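Colleague: Sharing a structure below in structure tokens format, with a few things to ask.
Every number in this text was worked out from the coordinates using simple rules, so none of it is lab data. As the structure is a prediction and not an experimental result, all values here were calculated from the model. Positions of Cβ are generated from backbone atoms using ideal geometry, with glycine treated the same way; all protein chains shown enter the neighbour counts.
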Amino acid sequence: MRIFISLYNKMLLMLLLSVASFNAIAQTLHVDDEVSHWEADILGGLNNDGWQFDFGVAYFPLQYIGVKANIGFAGEIEQIEDWGKDELETGHSYASRFKFNPSLVMRTPRLINWKSQNAGIYLFAEPGIILSPGASGSKGARYCNWDFKGGINLQLDRFILFVGYGISDYSLYSGFPTAMNGLPQNDNYITHSGFIGTAYKF
């Protein structure tokens, strides 16, 4: 656990130093001759427990730093024969959890300027926390968890496309809930995820 927290702190420090060190243009707030401080985003991904889906909004008082609040769900991947059916039909219970994920958002200066498309490529980091009630049937689930996401994004006018990697001590099976695909022997573990998404500036 200490190794992951140390790595987390080092990644944050590197991103802050990169923002402070480069005299370059950060991700632009100027779109169509107006300043757009807000972004709405949606993302989907897979992790070592199953799937995740989030949507939310971010506010950027500065070009390279902002705050974000996302809500979403994470759950087990259902067996193909259970797709489109409810639990009464299948008799199977799949674990799922609601998530609230407030975070700080940091973006580097522009790494690649795609002039022909008036676009730019940037790196981002989102340190934050995940607040989540336990899945159905869990006992003593951990409700507050640290979270870190990082990756690369492409801004095209008002649209942003991004891909990234996440690490957290949040786990779907915290508290050993009712589940279909089997429970780990230890519910205190690190969750790794990969995700893609899009955002719209307004």
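Colleague: Name the lysines eligible as straight-distance cross-link partners of K149: C-alpha to C-alpha under 26 Å, and not fewer than 8 places from it in the same chain.
Modeller: Straight-line reach from K149, under 26 Å: K10, K68, K99, K201.
Colleague: If you take the Cα atoms of region 139-199, find Rg, then find the Kirkwood Rh from the mean of 1/r over all pairs, what is Rg/Rh?
Modeller: Reported Rg/Rh (Cα atoms, Kirkwood Rh): 1.14.
Colleague: Right, next: In nm, to one decimal, how far is the modelled label at S36 from the one at L131, with both set 7 Å along Cα→Cβ?
Modeller: That separation, rounded to one decimal, is 2.9 nm.
Colleague: State the extension gain, in nm to one decimal, for the chain segment bounded by F202 and R142, taking 0.36 nm per residue of separation less the distance between their alpha-carbons.
Modeller: Answer, rounded to one decimal: 18.1 nm.
Colleague: Roughly how big is region 35-139's charge dipole about its Cα centre, with Cβ charges of +1 (Lys, Arg) and -1 (Asp, Glu), in debye to the nearest 20?
Modeller: Magnitude of the dipole: close to 780 debye.
Colleague: Net charge near S103, counting Lys/Arg +1 and Asp/Glu -1 over other residues with Cβ under 9 Å of its Cβ?
Modeller: Residues near S103 contribute 0 overall.
Colleague: Continuing with this model, one more query. Which residue, G150, I121, A95, has the largest displacement toward the positive end of the dipole of region 59-202 when charges sit on each Cβ (Lys, Arg +1; Asp, Glu -1)?
Modeller: About the Cα centre, the residue reaching furthest to the positive side is I121.
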